[in-house]
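Take a look at the structure below.
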């Protein structure tokens, strides 16, 4: 059995909502992440999908220890990362790196590519002696498919796809074990998305990397992920292997997301049932009682408002789902909502 490199246990991240200018009073909390648990194995890719505002990016920041959790734990090889300080935290930074969403704003326009990729060596000088850093940066540029001779160029001299490759090279500089990819291809053209995804896949095979790959596009996640977790309004509602989620989804929200994925074959497209969800996503400040998806779900009954469904394997299913009525195994229902 492959060991877990990251374990997330009942993770909660709430942000206070305050009122007043001088004497600020907390009047509520934005429940961005609310009781999320999962494991990431060494060499595995876990895709995390969901609509905008469901808590994916907050989850990424807590995994990076850029935000302290309100409750729960993030364990890296059994060690609670939120309790690390000083040198121990600095050593952790080498092992978990981040590829950001927007390659146009994540790179300092006043720094050359060599300085951007070499900056981790300034923070961790023991990784590469000063005299060898230029060669290391050129090696990283070559590794991600860029010309090593362009080391003195600035970000504005590169295309969007090339800039994201620079971001990936920077994340690889310290040879991490885990890379958190926060929607790394959402700002790129479709053809460039495929190139970046293929690069990530190649690097994973070469260095044994583990990825947490965050996206809102299920078709993108499927290409790279071993397992997929679906989030809705701060909670994980379904998690399983790529086949389990895409071929045998059991949660109504997952089925709705999959029904919205474009089908290039016109024959299949004409026969595809589409689920049109009614209503808006509820506010994370005051989410619905019980199941958070119940206000938009066609299966909702009284129990859905009274009991929070646990993320567990249910009758008629082969993977965990947080739905009281998750027995159904069809890819998409045959009716519209």
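Looking only at the stretch 66-89, count how many residues are under 23 Å from residue 14 (Cβ atoms), surrounded by 14 or more Cβ atoms within 10 Å (Cβ to Cβ), touching a residue at least 60 places away in the same chain (Cβ under 8 Å) and over 18 Å from the mean Cα position of the chain (by Cα).
Total meeting the criteria: 1.
How many of the residues making up the stretch 104-122 are over 15 Å from residue 155 (Cβ atoms) and in contact (Cβ under 8 Å) with a residue 12 or more places away in the chain? First the steps, then the outcome.
In the first step, residues of the stretch 104-122 are kept if they are over 15 Å from residue 155 (Cβ atoms); the result is 120-122.
So of that shortlist, the ones also in contact (Cβ under 8 Å) with a residue 12 or more places away in the chain come out as 120-121.
Total satisfying the criteria: 2.
Hey, does the stretch 47-63 have a residue that's over 22 Å from residue 227 (Cα atoms), in contact with a helix residue (DSSP H, G or I) (Cβ under 8 Å, 6 or more places away or on another chain) and surrounded by 13 or more Cβ atoms within 10 Å (Cβ to Cβ)?
Here is the first cut: in the stretch 47-63, the ones over 22 Å from residue 227 (Cα atoms) are none.
Taking every residue of the stretch 47-63 in turn, none turns out to be over 22 Å from residue 227 (Cα atoms), in contact with a helix residue (DSSP H, G or I) (Cβ under 8 Å, 6 or more places away or on another chain) and surrounded by 13 or more Cβ atoms within 10 Å (Cβ to Cβ).
So which residues in the stretch 74-88 are closer than 16 Å to residue 6 by Cβ and out of contact with any helix residue (DSSP H, G or I) (no Cβ under 7 Å at 6 or more places or on another chain)? Break it down stepwise before answering.
Of all residues in the stretch 74-88, those closer than 16 Å to residue 6 by Cβ come to 74-84.
Matches in the stretch 74-88: 75, 77, 78, 79, 80, 82, 83.
Name the residue that is nearest to residue 49 (Cα to Cα), counting only residues in the stretch 204-223 that are surrounded by fewer than 20 Cβ atoms within 10 Å (Cβ to Cβ) and touching a helix residue (DSSP H, G or I) at 6+ places or on another chain (Cβ under 7 Å).
Taking the stretch 204-223 as the starting set, the residues that turn out to be surrounded by fewer than 20 Cβ atoms within 10 Å (Cβ to Cβ) are 204-208, 216-217, 219, 222-223.
Still in the list and also touching a helix residue (DSSP H, G or I) at 6+ places or on another chain (Cβ under 7 Å): 222-223.
Values: 222: 10, 223: 13 Å.
Filtering the stretch 204-223 for residues that are surrounded by fewer than 20 Cβ atoms within 10 Å (Cβ to Cβ) and touching a helix residue (DSSP H, G or I) at 6+ places or on another chain (Cβ under 7 Å), the one nearest to residue 49 (Cα to Cα) comes out as 222.
Scan the stretch 186-220 residue by residue and report those that are assigned to a helix (DSSP H, G or I), under 25 Å from residue 231 (Cβ atoms) and in contact (Cβ under 8 Å) with a residue 60 or more places away in the chain.
Once the filter is applied, which keeps residues that are assigned to a helix (DSSP H, G or I), under 25 Å from residue 231 (Cβ atoms) and in contact (Cβ under 8 Å) with a residue 60 or more places away in the chain, the stretch 186-220 yields 204, 218.
Looking at the stretch 125-142 only, could you name the residues that are buried (at least 19 other Cβ atoms within 10 Å of the Cβ) and at pLDDT below 90?
128
Just to check your reading of the model, which residue among 259, 283 is farther than 21 Å from residue 38 by Cα, out of contact with any helix residue (DSSP H, G or I) (no Cβ under 9 Å at 6 or more places or on another chain), at pLDDT below 90 and surrounded by 12 or more Cβ atoms within 10 Å (Cβ to Cβ)? First the steps, then the outcome.
Values: 283 fails: at pLDDT below 90.
Answer to the selection: 259.
So which residues in the stretch 173-185 are in contact (Cβ under 8 Å) with a residue 40 or more places away in the chain and under 18 Å from the mean Cα position of the chain (by Cα), if there are any at all? Spell out how you get there, then give the answer.
The initial filter retains those residues of the stretch 173-185 that are in contact (Cβ under 8 Å) with a residue 40 or more places away in the chain, namely 173-184.
Answer for the stretch 173-185, where residues must be in contact (Cβ under 8 Å) with a residue 40 or more places away in the chain and under 18 Å from the mean Cα position of the chain (by Cα): 176, 177, 178, 179, 180, 181, 182, 183, 184.
Scan the stretch 1-27 for residues that are touching a residue at least 24 places away in the same chain (Cβ under 8 Å) and at positive phi and jot them down.
Taking the stretch 1-27 and keeping what is touching a residue at least 24 places away in the same chain (Cβ under 8 Å), we get 2-14, 17.
Result: 10, single match.
Is there a residue in the stretch 226-236 that is assigned to a helix (DSSP H, G or I) and either in contact with a helix residue (DSSP H, G or I) (Cβ under 7 Å, 6 or more places away or on another chain) or surrounded by fewer than 17 Cβ atoms within 10 Å (Cβ to Cβ) (or both)? Before you say what the answer is, go through the steps one by one.
Here is the first cut: in the stretch 226-236, the residues assigned to a helix (DSSP H, G or I) are none.
Scanning the stretch 226-236 turns up no residue that is assigned to a helix (DSSP H, G or I) and either in contact with a helix residue (DSSP H, G or I) (Cβ under 7 Å, 6 or more places away or on another chain) or surrounded by fewer than 17 Cβ atoms within 10 Å (Cβ to Cβ) (or both).
Right, residue 98: crowded, with 21+ Cβ neighbours inside 10 Å and either free of Cβ contacts under 8 Å to residues at least 24 places away in the same chain or not in a helix (DSSP H, G or I) (or both) or not? Full working, then the answer.
On the way: crowded, with 21+ Cβ neighbours inside 10 Å: yes; either free of Cβ contacts under 8 Å to residues at least 24 places away in the same chain or not in a helix (DSSP H, G or I) (or both): yes.
Yes; evaluated as a whole, the condition is true for this residue.
Of all residues in the stretch 154-170, count the ones that are free of Cβ contacts under 8 Å to residues at least 40 places away in the same chain and not in a helix (DSSP H, G or I).
Matching residues across the stretch 154-170 total 1.
The values are calculated or read from the model by the stated rules, or taken from the named source; none is laboratory data. Because the structure is predicted, anything quoted here is derived from the model rather than measured. Reconstructed Cβ throughout: ideal geometry from the backbone, glycine too, with neighbour counts over all protein chains shown.
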